[in-house]
1. With the other protein chains left in place, how much accessible area per residue, in square angstrom, belongs to chain A at a 1.4 angstrom probe?
2. Once you put a point 7 Å from the Cα of A:Thr24 and another 7 Å from the Cα of A:Leu121, both along the Cβ direction, what distance in nm separates them?
3. For segment A:110-144, which residues drop by 50 square angstrom or more in accessible area between the chain on its own and all protein chains together (1.4 Å probe)?
4. What percent does the relative contact order of chain A come to when contacts are Cα pairs within less than 8 Å and at least six residues apart?
5. Measure off, as a whole percent, the carbon and sulfur share of the 1.4 Å-probe accessible area of segment B:146-225, all protein chains present.
6. Taking chain B as the reference, fit the longest principal axis to its C-alpha atoms, fit the long axis of helix B:39-51 to the helix C-alpha atoms, and give the angle between the two in degrees, 0 to 90, nearest 10.
7. Please state the charge dipole magnitude for the protein assembly as shown, taken about the Cα centre, from unit charges on C-beta atoms (+1 on K and R, -1 on D and E), reported in debye and rounded to the nearest 20.
8. Could you report the buried accessible area between B and A, both sides summed, computed with a 1.4 Å probe and given in Å² to the nearest 100?
Protein chains: 2
Amino acid sequence: MLSFTEENYLKALVQLTIFEEGVTEVGVNRLAEYLGVKPATVSDMVRKLKKKALVNYERYGKISLTEEGRFLGMMVIRRHRLWETFLQQKLDFSWDEVHELAEDLEHIHSKKLINRLDAFLDHPEFDPHGDAIPNREGEILIPFRRTLNDGESGKRYKIIAVKDNSSEFLKYLDKLGIAINDEATIINKESFDELITIRFNGKERVLSPKVTDYLFVICASCLKAKKCDC
Amino acid sequence: MLSFTEENYLKALVQLTIFEEGVTEVGVNRLAEYLGVKPATVSDMVRKLKKKALVNYERYGKISLTEEGRFLGMMVIRRHRLWETFLQQKLDFSWDEVHELAEDLEHIHSKKLINRLDAFLDHPEFDPHGDAIPNREGEILIPFRRTLNDGESGKRYKIIAVKDNSSEFLKYLDKLGIAINDEATIINKESFDELITIRFNGKERVLSPKVTDYLFVICASCLKAKKCDC
DNA sequence: GAATTTTGTTAGGCTAATCTAACTTTATAT
DNA sequence: ATATAAAGTTAGATTAGCCTAACAAAATTC
């Protein structure tokens with residue numbers, strides 16, 4: 001059984017290597033910075049995780065997850081995101097309160113508990129931040145999100161998350177009438193000034209990169225197909 | 001903020017001093033045995049808890065809880081019992097699976113979380129074992145349970161818990177048609193052979209002390225009044 | 001009331017996860 | 001291609017919670 005701390009290292013490695021596109025390994029310093037500990041501490045812990053066959057690592061080299069390490073890290077994230085969903089949907093916590101509580105709840109290791117919770121919530125696909133919830137095999141079948149900025153003209157996207165949690169940003173979205181789970185079609189992308197025009201709920205809005213770069217989306221057709229072609 | 005371990009010491013002290021009738025203090029050896037650690041360990045930890053003003057203690061003396069210690073211990077028990085109730089009522093866990101999971105869940109320290117959970121469960125008074133759930137002030141207003149054996153003839157009692165979790169015992173109760181939350185009236189107590197006759201749900205049953213001594217009850221009238229006169 | 005048993009304490013060690021400080025290896029840049 | 005900077009390692013210390021072994025105090029018993 002893994003300790004609380006070991007699980008946090010695996011979770012961090014998933015975030016830094018798997019959820020970060022194009023990156024499959026990470027250095028000691030980066031991991032230390034991410035976890036808020038000193039490189040010396042990471043150096044020790046990585047040796048320990050290697051002995052448990054959870055990471056690939058050689059002295060002075062880069063760190064990456066093994067199959068087993070990836071699976072266990074994904075399970076921590078699955079638990080985290082399911083608890084966040086529970087807190088929001090059933091206990092009426094707001095969007096920005098759930099993360100901290102889930103940091104503790106994610107370390108409760110009962111497969112049965114988490115699968116029951118999943119069923120109780122009706123097998124949700126996204127947590128309150130719009131992040132996809134890994135399934136019980138530790139996989140995310142849904143295409144990874146991108147920013148609205150990276151979308152293609154003419155395509156329809158579902159807004160599933162925001163990159164910036166500040167109430168300032170959230171209030172501005174409110175003012176624009178944009179909410180998580182809305183679907184919007186990009187009707188124009190102007191490369192010179194980077195303004196993007198979208199249509200959603202019958203409204204049309206011109207958005208600056210200050211907004212589009214902070215909205216995570218998934219293309220609606222891929223979401224339906226559970227497979228990404230774009 | 002208290003550690004996981006410190007909380008377990010306070011919880012154990014509540015069980016051993018407050019929930020054990022007539023006892024207000026406990027020795028180092030007893031506490032060590034209860035917690036499954038060595039007396040030397042308890043000796044150290046008690047000194048630490050004293051410095052935090054959570055227990056009363058003098059070298060070679062007995063241990064008791066201060067007001068603050070009692071309150072915090074009660075909060076751990078409140079969280080434990082609310083999570084047990086959640087697991088049984090919402091996630092369909094059985095009666096005997098919930099304890100172990102709640103051992104972990106009880107250490108999540110959010111007042112807001114636990115009060116929301118309480119509301120979500122509609123402010124339950126008993127956990128799945130029939131134990132009363134302390135309120136947010138750390139008090140149990142409901143009279144303490146007794147065994148059916150100690151009941152009085154003619155009085156009506158609610159069966160709220162069993163002392164013996166073995167599936168053998170539970171199956172026998174099933175066979176008798178007795179379930180937790182049933183109410184039963186004692187219609188005869190025979191002191192010679194210790195057999196007790198009860199009436200419940202229109203049925204009558206003669207029970208041996210092997211059963212009555214392992215059924216916890218609360219007198220129905222006191223339960224309504226939330227105050228015990230008997 | 002002295003001997004024995006029970007109860008509790010102290011000293012010294014262990015492990016996990018952290019740190020600092022000094023050092024080594026690898027990468028970068030002129 | 002060597003000097004410097006960046007990245008990573010190692011040694012030694014700390015803290016919490018536990019242990020064992022030896023000892024001390026209190027309670028019990030004859």
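1. Working: 12170 Å² over 230 residues.
Per residue, chain A has 53 Å² of solvent-accessible surface.
2. 3.1
3. Buried-area filter returns A:Leu113, A:Arg116, A:Phe120.
4. On the way: 336 pairs, mean separation 34.4, N = 230.
Relative contact order, chain A: 15 percent.
5. Numbers: 2040 of 4400 Å².
That fraction is 47 percent.
6. Tilt relative to chain B: about 70 degrees.
7. Details: 70 positive and 76 negative charges, 56 e Å.
Computed charge dipole of the protein assembly as shown: roughly 260 debye.
8. Answer for the B-A pair: about 1600 Å² buried.
The values are calculated or read from the model by the stated rules, or taken from the named source; none is laboratory data. Computed from a predicted structure; not experimentally measured. Backbone-built Cβ (ideal geometry, glycine too); neighbour counts: all protein chains shown. Only protein heavy atoms, including side chains, enter the accessible area calculation; ligands, DNA and RNA are left aside. Shrake-Rupley method; radii C 1.70, N 1.55, O 1.52, S 1.80 Å.
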